[in-house]
Each structure stands twice: as structure tokens, then as C-alpha cells.
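Shown next, in C-alpha cells, is the structure this report addresses.
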Amino acid sequence: MFYEPLGLDQGHRFLEIGLGSGYGTALAREVVGPEGLVVSVEIDPLTFAFGKENLERAGYRDIVLIQGDGGLGCPEMSPYDRIAVTAACRKIPPPLIDQLRTGGRLIVPMIEDDVQNLVLAEKTETGTVRQIICEVRYVPLKGICGGSERAQRLDSDALMPTMGTNELLVSYPWRQFHPARHEITRILRQFGDPHPQIEKTNVPGIAIVRTTLNNRDVIRRCRELFEGGPIFRFAVKWVPVDFWCETELQAMKSVIETHIRDLIDQDDTWAMEVEKRRWRQYHTKEIIDYLAASIDRKVDLRNPDRILRIDVLGPKTAISLLTPDEIFSRCKAHPPRYAIGRGAKLMEVKERL
Ligand SMILES: C[S@@+](CC[C@H](N)C(=O)[O-])C[C@H]1O[C@@H](n2cnc3c(N)ncnc32)[C@H](O)[C@@H]1O
């Protein structure tokens, strides 16, 4: 369905976004022949491993396979004569148009309201000429160019994950949101923010707090307040948020590599703490193994200088780089539950103080 309208032919340089099982990739390899080139990008690490293994088993060794966000294309091998995006998006990712040669064609399922249309676009000197081929149903494109809201504001600034210093996640006991909200409001007013915004997240027992105050200052002052007496009956744990991204391994890795890794000094030790809620796709160990490979600093589970904290809240994930005293918990500071570093063995610290 994709290759006919695309006019994929011998000798073409072809880029596929979404390797999946590798079936379409193998087919493209047969069509473009020995003079052509096939590059395929898959965002999901496990799907990538699956597709790669299938292709290897079938004897395809001359395909360039890349694990990463296909919305960014693969500029190293560009320009391409043909591009197939095999996941649906609201806007053609601009990097893909950049990497298409003039006269080249791109095919992509595009979301319009509740419908998906397979759109064929041809790049001209002045832009693209588009035609709808048929109605289709594909999985949504993930990554920086995917997601309904993201895709609509895909311009250079949208390539950055959200960053802020005024947000915190606050844990409260089961079904105690309202008393927790009163308590948080009272505390933040005392600190100087008369109107903090406090909302439930889609995870019971966790609220998101937006304040005009710096989130690290809030933690410091919570600790001082706590030493003065038993104030925190409902708002039991406070964690600053530095970044938000979509809940995808690739998106988390990209935040870590782009914004966090270099903030851990060469001599600093670190540990990772993952709180995974409403995301069943991976085990916590898989998440840690994958993300920890990006950081080559020494791990110290008991006494880290820095804690890389990942809070998965369904489709959104909060990521922060903290010192151990930048998390406030009524039940004392606790050690990270899991941590791993390159070359280090995974350890699980079971007890929580
Ligand atoms: C319909 S399947 C691919 C089918 C495959 N091309 C085939 O012919 O068998 C869509 C794939 O796109 C992948 N995907 C979604 N968003 C992506 C992105 N931004 N970059 C790369 N792959 C992506 C999904 O993980 C999924 O494996």
C-alpha cells in the first residue's frame, strides 16, 4: 500500500520510520536492489531488537538499522529519494522534509480529527505537493514529533522537553487529596506564594504543585518547618520536578543525555531512583538498564552525590537531578530503591527507612 504510490524503485535511497517486525524493511530492500540503500529507524528498543533479529535471521545484512526517534530522520545518510513513515502524525516531521531530495516522495498516515489519511507528499523547489491516497489506521508516531499536542507545535522550541523549577510532585495518603491540598496551600502561603496551583495527577496519591517559588527552596523550607513540629499530616513527600517528557524510553534518554548527564561532575557519584506508575510496558529493571547506560559516572547506592529521579505517571514522566537532601519526606530521607551504573551490577535496596 505504501510502496506503489511512493513509486519505490531500483537504486532508490529509502528511509523508513518504524521498523516494527522488519517486514516492510525487507520488502523495500528487495525493491531497491543492490544499487539502492535502505535505512530504518525504530524508537522502541524492544521492537528494534525484535525487528533486527528477524532481519538477521532472514539473511538481510545490508540494511542500516537505527534505534532512535525517527521523527528526526537520519541526516547522516540523507538525502533520500523516498521516505515512508509507518506511524500516524498530525504534521509531517520537518526534519524528514529537509532530508528528502527535491523531486523525492514521502508517504505518511496523517491524523485529521478522528480520521487518518494516507498522504503522499512530493517535494518541489518551493514546498510540497500533497494528495490523499486512502483512509488508514496506524499506531501514533511517538517521540519528539509525535503526540497530539506536541505535533501541533513542532517548531524548534518544541524539540526541547519542558523544563521548570517551580513544580513539585507531592504524595498524599489514599483518598486524602482535599485535606492534602489545604495543607499544601497553607504551607506554601506561609512560604510566600498566596496562590499555588495544586492538581490531582492521573495517579492516585500524587498531586502536582505549581508555585511561584523555587522548588528547591520549598524543600529546604519544608525541612525547617518539619523540625519545628508535626505539620505534614497529609502532604507526606515532596519531590522537585526539573523536566517533563512523554513516557517513552527514547524521550527519557534524550532528556538525560541532553540536559542532565553533564550536570553530574566527573568525580560525583550517583544513583537512580525510578517510581513507575501506570506504565506496564517495561519492568523497572529494563528502564534502569536502558537509561543508566547513558551515564558513565561512579554509582554509589548508599551515599550518592546526585540522585537521578524518574517519576513515571502514566503517559507523562517527570525527571529530576537532585542532591539527597532535595527530596523532603516526612518519613525521613530514604535510600534509592534501585540504582545501576555502567559496568555495575543491578542492586535493589529493598528496605525503606
Ligand atoms: C505499523 S508499525 C511498523 C510496521 C513496519 N514498518 C512493517 O512494515 O512491518 C509502526 C512502528 O513505528 C514505531 N514508531 C512509532 N513512532 C516512532 C518514531 N518516532 N520513530 C521510529 N519509530 C517509531 C512503532 O514503535 C512501531 O514499531
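Of the residues making up region 247-290, those that are in contact with a helix residue (DSSP H, G or I) (Cβ under 6 Å, 6 or more places away or on another chain) and in a loop (DSSP other than H, G, I, E, B) number 0. Taking TRP244 as the residue in question, decide whether it is over 20 Å from ARG330 (Cα atoms) and part of a strand (DSSP E or B). Taking the combined requirement at face value, the residue satisfies it. Please tell me if LEU8 is buried (at least 19 other Cβ atoms within 10 Å of the Cβ), within 13 Å of LEU65 (Cβ to Cβ), touching a residue at least 24 places away in the same chain (Cβ under 8 Å) and of a type in the set (A, V, I, L, M, F, W, C). It is false that LEU8 is buried (at least 19 other Cβ atoms within 10 Å of the Cβ), within 13 Å of LEU65 (Cβ to Cβ), touching a residue at least 24 places away in the same chain (Cβ under 8 Å) and of a type in the set (A, V, I, L, M, F, W, C).
Select from region 21-33 the residues that are more than 6 Å from the ligand (Cβ to nearest atom), at negative phi and not basic (Lys, Arg) and write down the one among them that is surrounded by the fewest Cβ atoms within 10 Å (Cβ to Cβ). Working first, answer last.
Step one: list which residues in region 21-33 are more than 6 Å from the ligand (Cβ to nearest atom), which gives 22, 25-33.
Restricting the remaining residues to those that are at negative phi gives 25-32.
From what's left, not basic (Lys, Arg): 25-28, 30-32.
Details: THR25: 26, ALA26: 19, LEU27: 15, ALA28: 25, GLU30: 10, VAL31: 17, VAL32: 21.
Applying the filter and picking the extreme gives GLU30.
Let's see how each residue does on (1) away from the ligand (no atom under 12 Å from the Cβ); (2) in a loop (DSSP other than H, G, I, E, B):
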position: LEU19; (1), (2): no, yes
position: GLU35; (1), (2): yes, yes
position: VAL41; (1), (2): no, no
position: ARG61; (1), (2): yes, yes
position: LYS91; (1), (2): yes, yes
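MET110 meets the conditions (1) touching a residue at least 40 places away in the same chain (Cβ under 8 Å); (2) assigned to a strand (DSSP E or B); (3) farther than 25 Å from LEU249 by Cβ in every case but one. The failed one is (1).
Each residue in region 236-273 was checked for being within 16 Å of the ligand (Cβ to nearest atom) and either more than 20 Å from ILE43 (Cα to Cα) or among the charged types (D, E, K, R) (or both), and 3 of them qualify.
Among the residues of region 68-82, those that are touching a residue at least 60 places away in the same chain (Cβ under 8 Å) and within 12 Å of the ligand (Cβ to nearest atom) comprise GLY68, ASP69, GLY70, GLY71, LEU72.
Residue under question is GLN99, and the condition is that it be within 13 Å of the ligand (Cβ to nearest atom), within 24 Å of LEU27 (Cβ to Cβ) and modelled with pLDDT of 90 or more; does it hold? Outline the logic, then answer.
On the way: within 13 Å of the ligand (Cβ to nearest atom): no; within 24 Å of LEU27 (Cβ to Cβ): yes; modelled with pLDDT of 90 or more: yes.
Taking the combined requirement at face value, the residue does not satisfy it.
Within region 93-145, the set of residues being within 15 Å of GLY18 (Cβ to Cβ) and surrounded by fewer than 17 Cβ atoms within 10 Å (Cβ to Cβ) comprises VAL136, ARG137, VAL139, PRO140. Of all residue pairs spaced 6 or more apart or on separate chains, those with beta-carbon atoms under 8 Å, a first member in region 243-267 that is assigned by TED's automatic domain parsing to the domain that holds ALA292 and a second member that is hydroxyl-bearing (Ser, Thr, Tyr) and assigned to a helix (DSSP H, G or I) are CYS245/SER254; LEU249/TYR290; LYS253/TYR290.
The values are calculated or read from the model by the stated rules, or taken from the named source; none is laboratory data. None of the values given here were measured: they were computed from a predicted structure. Glycine also receives a Cβ, built like all others from the backbone with ideal geometry; neighbour counts cover every protein chain displayed.
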